[in-house]
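Each remark here refers to the structure printed beneath this line.
None of the figures in this text is laboratory data; all of them are computed from the coordinates on show. This one's a predicted model, so the numbers in the text were calculated from it and none came from an experiment. With ideal geometry, Cβ positions are generated from the backbone for all residues, glycine too; neighbour counts draw on all protein chains shown.
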Amino acid sequence: MSNYEYKVVPAPKRAAKIKSAKSGDERFAQTVETAINEMARGGWEFQRSESLPCDERKGLFSRETIVHTVLVFRRELTETSSAARSLSAVDATPKKKAPSEPQIAAKPSHIGRDEPRLEHAADDSED
């Protein structure tokens, strides 16, 4: 059974300036084609484009639904990349700190005795 990893990237919103393209449709198509080919060079296979709604803030108190278009890619996981991803997933999980032991302040041996206290030079300076 094959395992895949997926990558979702935003679709281009504007057409690039391309001299060979005569219309806006042609420029936009070539812009999307360039984006897909760049991902393909990285080993990603284009699956589909999706338009998905997303609630976003508008102002301080209101929200509006915006539709985002994304491109979905996948590539097959190899044994080494699968192992590396599982290791990185383990490393990425937040680790719980062990409860720290309470710090017990040791009582200086000179307190309570008639011995003089040793002072640091920084303690002698007064503001």
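Numerical summary
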| read-out | value |
| --- | --- |
| From phi via Karplus (6.51, -1.76, 1.60), per-residue ³J(HN,Hα) for region 11-16 in Hz, x at Gly/Pro | 6, x, 9, 10, 7, 6 |
| Residue 63 versus residue 49: modelled label distance in nm, points set 7 Å from Cα along the beta carbon direction | 2.7 nm |
| Highest-first arrangement of 53-62, 17-26, 32-41, 68-77, where packing means the average Cβ count within 10 Å | 68-77, 32-41, 17-26, 53-62 |
| Per-bin percent of Cα-Cα distances, region 1-64 [5 Å] | 3, 13, 18, 16, 14, 13, 10, 8, 3, 1 |
| Amide H contacts under 5 Å for residue 75, placed H, 5+ residues apart | 5, 45 |
